[in-house]
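The values are calculated or read from the model by the stated rules, or taken from the named source; none is laboratory data. No experiment lies behind these values; they were computed from the predicted model shown. Note that each Cβ is placed from the backbone with ideal geometry, even for glycine, and that neighbours are counted across all protein chains shown. Just the protein is used for accessible areas: all its heavy atoms, side chains included, with ligands, DNA and RNA removed. Shrake-Rupley method; radii C 1.70, N 1.55, O 1.52, S 1.80 Å.
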Amino acid sequence: FSAAEKKSSDLSNDIPTFNVENLQSNMKIIYYNWTFLFIIGGVIARILGFTSLTGFILYFLIMAITSAGLMAKSGFSTHSYFDSWNRAVLDGFFSGLMSFVLFWTFAYDIVHIF
């Protein structure tokens, strides 16, 4: 090998390759898990009587535990399963918050109105 050929082969090995179908499948599984946990978390927050700040603290606690569990399940090598760690950990932050608040208030309405 010449020096130019060796450099070009080294560069091609440094670029990570991803299977798009696997990335989409991994993200779909994460969104499903987050949505499910935030729905359950919103109902639990209302059943336990959490209001205002304590309810949102529960949301952040669920988000942190879910993210830590995801990292542990992936063996702390997120680049093997996702294109970036912040996409795997923080991508569903606002949509999860909306699901949490929706079911938090929904459970409140069911318990106190009916």
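Could you look through the range 28-74, keep only residues that are among the polar types (S, T, N, Q) and on the phi < 0 side of the Ramachandran plot, and pick out the one that is surrounded by the most Cβ atoms within 10 Å (Cβ to Cβ)? Of everything passing the filter in the range 28-74, Thr66 is surrounded by the most Cβ atoms within 10 Å (Cβ to Cβ). On the given criteria, is Phe60 assigned to a loop (DSSP other than H, G, I, E, B) and either aromatic (Phe, Trp, Tyr) or modelled with pLDDT of 85 or more (or both)? When the stated conditions are applied, Phe60 does not pass them. In the range 75-114, the residue that is most open to solvent (accessible area, probe 1.4 Å) out of those that are assigned to a loop (DSSP other than H, G, I, E, B) and either touching a helix residue (DSSP H, G or I) at 6+ places or on another chain (Cβ under 7 Å) or hydrophobic (A, V, I, L, M, F, W, C) (or both) is Phe114.
A single member of Lys73, Lys7, Lys28 is out of contact with any Leu (no Cβ under 8 Å at 6 or more places or on another chain) and modelled with pLDDT under 80, and it is Lys7.
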